[in-house]
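Colleague: Provided herewith is a single structure, encoded as structure tokens, for subsequent inquiry.
None of the figures in this text is laboratory data; all of them are computed from the coordinates on show. Everything numeric in this text was worked out from a predicted model, so none of it was measured. Here Cβ is always computed from backbone atoms with ideal geometry, including for glycine, and neighbour counts include all displayed protein chains.
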Amino acid sequence: AAGLLAAAVALGNDAIHRLRDKSALTSRRLAIVRAILLASIFACALVCSARELDSRALIGVSLAFSAAGLAPLMVLTLWPRARSRDAMLALVVGLGTAETMLVYGEGTVRGLAAAAVVGCFASIVAGVLSSLIGGGDRSAGYRFVAAVWRPDGDVVAPDKGA
């Protein structure tokens, strides 16, 4: 339930609310979020009622997708050369690999674990290779953090008291 609410809030605030009027009332934004939440709950109910689902298999699939998508992104946050583009590529490669293995692989616990491990490894490799191959200047945020860690003078503004 918390995941559905978070997804609805993100869609309501970022995607739909910003496409319309940025100065819209909070009540209108909440109405959009509630409508998205109801639509997603209704869609989930339709999928669950259409076929018989095993709750253990659903938990395994969710853990496989988490391992293939979120764990590599946490590793890439520690990689100093990684940028947003590299993280997006890693996410797509990891989730795509895990999904392919889940669709065409065996539906056992070993198949779920293999999809998680291979997706995680492929995602990390794709992110690191993309950051090594792709050039470009570092972002302003990265330069600011580097300046804070290794101060060479005035980081934010010159000292007006001296």
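Colleague: What does the C-alpha gyration tensor say about the overall shape of the stretch 29-122? Classify as rounded when a/c is under 1.5, otherwise prolate if a/b is larger than b/c, or oblate. Working shown, then result.
Modeller: On the way: a/c = 2.88, a/b = 1.20, b/c = 2.39.
Oblate.
Colleague: Rounded to the nearest 0.05, what FRET efficiency do S62 and A146 have when you use their Cβ-Cβ distance and R0 = 22 Å? Mind showing how you got there, number by number?
Modeller: Details: r = 37 Å, r/R0 = 1.67.
Plugging the Cβ-Cβ distance into 1/(1 + (r/R0)^6) gives 0.05.
Colleague: Let me ask another. Please name whichever of G111, S55, L89 sits farthest to the positive end of the charge dipole of the stretch 55-153, dipole taken about the Cα centre and charges placed at Cβ: Lys and Arg +1, Asp and Glu -1.
Modeller: L89
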